[in-house]
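The values are calculated or read from the model by the stated rules, or taken from the named source; none is laboratory data. Computed from a predicted model, the values in this text were never measured in an experiment. Don't worry about glycine lacking a Cβ; one is built from the backbone with ideal geometry, like all the others, and counts go over all protein chains shown. Protein only, heavy atoms only, side chains kept; ligands, DNA and RNA dropped before computing areas. Shrake-Rupley method; radii C 1.70, N 1.55, O 1.52, S 1.80 Å.
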Amino acid sequence: MVTKTYTITDDDFPQSKTAVTKLPCYDSRLCGGMFFDIETTGFMAEKNALYLIGCCRFENGVWQLTQWLAENESPKEQRRLLESFFEAAAAAPVLISYNGQTFDLPFIEKKCAALKLDSRLSRWEHWDLYKDIRSLRTFLEIENLKLKTVERFLGYDREDQYSGGELIPIYKSYAINHSPALEKLLLLHNYEDIKDMLFILPVLAYRQLLCGPWKLSRAQLSGGRLAVTLSFDQPLPKAPGKKEISVKTGGSDMADDDLLVTLQIDTCSMTLTVPEMTATLKYFFPNYKDYYYLPQEDYAIHKSVAAFVDKAFRQKATARNCYTKKAGVFLPQPEQIFSPAFKFQYKDDLSWFEYDPAAFSEENACAYIQSFLRFFNLGSF
């Protein structure tokens, strides 16, 4: 078994990007957590060999990266790799990977079973960076979630030009002749897979778009549009720019009646702009059994008042007609953040509210933007 150890410092990090020593600020799990990545000769652990494991931890202000390379495909060499990996991971509170829950962890589990070795993986929490980035794909606007694609989004270029599949015949040749040149190729690919997991960590700053923490910078209604700006602490690596989503008012099926909501994302803030709508909407009373509906007036009144109305002009209210009407200027809300909430029809998912600056606290403003962010992230309202 070949063992290689490297130290990754700020000098190894792409110029003008966040220093590697500052990366733990993106998540507390990065302090003491261990990154890992494996290389195999195929997808089936029972038949294919595990020939390389690399891992990396933040220690004493630097990132220490270690690799173990099997000199051949024998069970003995594979066992030595796994035992070295488990020993190195013993003090780590969490294992960190990129799409490791889909491939790396299941392969290690099955390989340990085949070698009659205790996998021990259940002892660790596992953090899959792929899942975090997948939830941000709409905002990143990348064609796929491959590690190399995320690297290119951030402006990184690899020295390694091989895929894992392309390295399989290279490893099989290395297992025969132990060529230093082939060894270098094999180690380089795994080294860059792990190192670049560090380099893409600034992407985690985009999590602020969905869940904060945020600070309310501005909430202003002007020219028939409400603009709400939230700022966040960690600057984004790149500004995603403007996104738009069409909100159907519910008053008509015509596209011309839709409202266009925009989200402008800069490196340190985002601004949601929502247009007002002038309409007559309905407020639905929650306890409809206590009301009567007046068909001629087209609204509901409480039983205590309905007692004075001729029975011929009233009927027991239902959930769908237990409302009162109000004409005014309203703003949409995907979830009921502000009350009273108005609708066109009882079954509408979207509700509307009248803007009140006094009610637009930082807590409510954050909840309001977050309700829209869910729809932006889904790509439709």
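A few notes on this one:
- Principal axis dimensions, largest first and in whole angstrom, of segment 113-241 by Cα: 74, 35, 22
- Estimated [θ] at 222 nm from DSSP helical runs (n ≥ 4, -39500 (n - 2.57)) normalised by residues in the chain, nearest 500: -8000 deg cm²/dmol
- Rg and Dmax of segment 328-381, based on Cα coordinates, read 11.4, 32 Å.
- For segment 174-310, the Kirkwood radius over C-alpha pairs fed into Stokes-Einstein at 37 °C and 0.692 mPa s yields D = 155 µm² per second.
- Over 20 Å [Cα-Cα, segment 260-381], rounded percent: 52 percent
- At full extension, Ser246 and Arg152 could sit 30.8 nm farther apart than now, given 0.36 nm per residue minus the alpha carbon distance.
- The GNM of the chain, with springs linking C-alpha atoms under 10 angstrom apart, assigns the highest mean-square fluctuation among Arg320, Arg29, Arg218 to Arg320.
- FRET efficiency, 1/(1 + (r/R0)^6) with R0 45 Å, evaluated for Phe313 and His126 via beta carbons: 0.10
- GNM top mover of Lys311, Lys110, Lys242 - the chain, alpha-carbon springs below 10 Å: Lys311
- Extension gain, Asn48 back to Thr3 (0.36 nm per residue minus Cα-Cα distance, nm): 14.1 nm
- Counting protein heavy atoms only, segment 277-321 has 54 percent of its accessible area on carbon and sulfur, 1.4 angstrom probe.
- From the coordinates shown, Rg/Rh (Cα atoms, Kirkwood Rh) corresponds to which of (1) 1.17; (2) 0.96; (3) 1.00: (1)
- Accessible area of segment 296-347 divided out per residue, in Å², using a probe of 1.4 angstrom: 63 Å²
- When the convex hull of its Cα atoms is projected in every direction, mean area for segment 1-123 (nm²): 7.9 nm²
- Residue among Thr229, Thr102, Thr41 with the largest mean-square fluctuation in a Gaussian network model of the chain, springs linking Cα atoms under 10 Å: Thr102
- Note that segment 1-143 presents 46 Å² accessible area per residue, ligands and nucleic acids not counted, probe 1.4 Å.
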